[in-house]
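The values are calculated or read from the model by the stated rules, or taken from the named source; none is laboratory data. On a predicted model such as this, the values are computed, not experimentally measured, just so you know. Neighbour counts run over all protein chains shown; Cβ positions are idealised from the backbone, glycine included. When the accessible area is computed, the model is the full protein with side chains, heavy atoms only, and any ligands, DNA or RNA have been set aside. Shrake-Rupley method; radii C 1.70, N 1.55, O 1.52, S 1.80 Å.
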Amino acid sequence: DQQVKQNSPSLSVQEGRISILNCDYTNSMFDYFLWYKKYPAEGPTFLISISSIKDKNEDGRFTVFLNKSAKHLSLHIVPSQPGDSAVYFCAASVVGGRRALTFGSGTRLQVQP
Amino acid sequence: GAVVSQHPSWVICKSGTSVKIECRSLDFQATTMFWYRQFPKQSLMLMATSNEGSKATYEQGVEKDKFLINHASLTLSTLTVTSAHPEDSSFYICSAITTSGLTNEQFFGPGTRLTVL
């Protein structure tokens with residue numbers, strides 16, 4: 001049973017445009033969400049996170065939106081750059097618990113020059 | 001920033017042998033380290049949670065006698081794949097949380113590619 005889902009395995013956008021990556025979760029106990037960027041044969045690199053008490057968090061070109069009622073979050077990258085091309089993983093955690101992360105299956109983003 | 005290293009970065013071994021993978025937090029102390037596994041084109045799956053000085057907690061379906069975890073110090077956790085078989089070939093990644101406990105951010109190692117022939 002996948003508790004964190006990324007239904008789009010891939011996404012292609014033009015350089016300069018907005019990239020929107022989506023993530024859905026089923027476990028209502030999750031209260032902390034993170035986005036990671038990953039290249040093949042490397043560990044994930046933390047991008048941005050959001051607590052369930054917020055509905056938006058922004059850091060430079062990256063913005064994460066959280067819709068708790070829909071159990072949905074999204075990562076917006078504006079403007080997209082070719083260097084953003086990678087696999088993006090959404091992850092969720094329970095702060096009060098062991099803090100282990102439950103990952104989605106990832107979305108491969110390709111930004112075309 | 002916080003750095004986590006893994007050694008080796010890749011290893012090829014024969015079926016039936018044991019392989020040890022080290023995970024170190026280089027510039028911080030980690031009370032908790034996590035071990036994940038990623039099969040090709042799949043997500044990272046949590047294998048076990050490792051707490052310094054105590055036994056690891058394994059996720060359902062992960063054999064604790066096959067995947068031995070030792071968290072002997074606040075900067076080192078090891079994963080030993082015993083009697084490895086080809087189906088154990090995977091990308092193993094560790095992560096660590098700082099002792100401050102104020103952040104939920106995990107710092108990931110670069111991963112270890114294990115290939116069992």
Given the conditions (1) open to solvent by less than 70 Å² (accessible area, probe 1.4 Å); (2) more than 13 Å from the chain's Cα centre (by Cα); (3) within 25 Å of A:Tyr39 (Cβ to Cβ), and given that B:Gln42 satisfies all but one, which numbered condition is not satisfied? (1)
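Filter region B:1-27 for residues that are hydrophobic (A, V, I, L, M, F, W, C) and in contact with a Phe, Trp or Tyr (Cβ under 8 Å, 6 or more places away or on another chain); which is farthest from the other protein chains (Cβ to nearest Cβ)?
Filtering first and then ranking leaves B:Ile21.
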Evaluate region B:45-64: report whether one residue or more is closer than 20 Å to B:Cys13 by Cα and in contact (Cβ under 8 Å) with a residue 24 or more places away in the chain. no
Starting from residues that are within 14 Å of chain A (Cβ to nearest Cβ) and surrounded by fewer than 19 Cβ atoms within 10 Å (Cβ to Cβ), keep the ones in region B:59-97 and report whichever is nearest to B:Pro8 (Cα to Cα). B:Ser89
Can you tell me which residue is farthest from the other protein chains (Cβ to nearest Cβ) among those in region B:28-58 that are of a type in the set (S, T, N, Q) and under 16 Å from B:Ser89 (Cβ atoms)? B:Gln38
Please count how many residues of region A:1-32 are charged (D, E, K, R) and farther than 22 Å from A:Lys56 by Cβ. 2
